[in-house]
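Take a look at the structure below.
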Amino acid sequence: MRGTAALRVAVLGQVRATIEGAAVARRMIEGESPAVARREIGEVERRGDRRRSDLVSGLSTTLVTPLDREDLFRISRSIDDALDTLQDFVREADLYGFEDRKRYLPLLVAADEALVQLETAVATLWIKPAEVPMRSIEVKKAARRVTRAYREEFARTVVAGTGSLKHRELIKRLDWVGIRISEAADALSDGALKRGY
């Protein structure tokens, strides 16, 4: 597979790997061993890296792309950063240990919803590019829900005086996942607007 179809497979493969990474983190929250989750997310992250490498290679050999090369590269980088941050969350959860696993669930649910919206928005680029700006707005809204969940959990820990430093670090990692998803949405909408979609 070559050309723009290969780019589509590569970037959507990255998003799907990130969705899978969020699923690994969620399974850990729901009771899977952090050591097992750490091994699983390492495999997922390597798969995401391969897809990113495919995209970068494809950008240099594809004549016509649905967005400017730098915008596709920015989208890919932000997705890669989101997956790396999920991997950091799982690693640190294994290193630090958990206080109360269920407190992380609202952040992961929100991140997963934002990633699914991102997958739809990215797929739309190859199907109905005129819809990309509106789809990007939906991704941004979904990503903001991650930040809201983070702020609510942070406020609970401060008010109750029960949140340890490790808990604050772990919820901040998940907030950064939402920020990276939002950055991918920005790159997608910027690129679409440049092309006049």
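The values are calculated or read from the model by the stated rules, or taken from the named source; none is laboratory data. Remember, predicted model here, so these are calculated numbers, not experimental data. Methodologically, a virtual Cβ is constructed for each residue, glycine included, from the backbone with ideal geometry; neighbour enumeration extends over all protein chains shown. With ligands, DNA and RNA removed, areas are computed over all heavy atoms of the protein, side chains included. Shrake-Rupley method; radii C 1.70, N 1.55, O 1.52, S 1.80 Å.
Observations, loosely collected:
- Qualifying residue in segment 37-60 (condition: of a type outside the set (Ser, Thr, Tyr), touching a His at 6+ places or on another chain (Cβ under 7 Å) and either under 14 Å from residue 11 (Cα atoms) or modelled with pLDDT under 95 (or both)): no
- Residue count, segment 164-174 (criterion: out of contact with any Asp or Glu (no Cβ under 8 Å at 6 or more places or on another chain) and surrounded by fewer than 20 Cβ atoms within 10 Å (Cβ to Cβ)): 3
- All of 49, 54, 94 fail the test of being assigned to a helix (DSSP H, G or I), touching a residue at least 12 places away in the same chain (Cβ under 8 Å) and closer than 20 Å to residue 175 by Cα, apart from 94.
- Restricting attention to segment 1-28, the residues being open to solvent by less than 10 Å² (accessible area, probe 1.4 Å) and either among the acidic types (Asp, Glu) or closer than 18 Å to residue 95 by Cβ (or both) number 4.
- Being closer than 20 Å to residue 75 by Cβ, out of contact with any His (no Cβ under 8 Å at 6 or more places or on another chain), open to solvent by less than 50 Å² (accessible area, probe 1.4 Å) and in a helix (DSSP H, G or I) is not true of residue 108.
- Hey, residue 147 farther than 15 Å from residue 114 by Cα and open to solvent by less than 50 Å² (accessible area, probe 1.4 Å) or not: no
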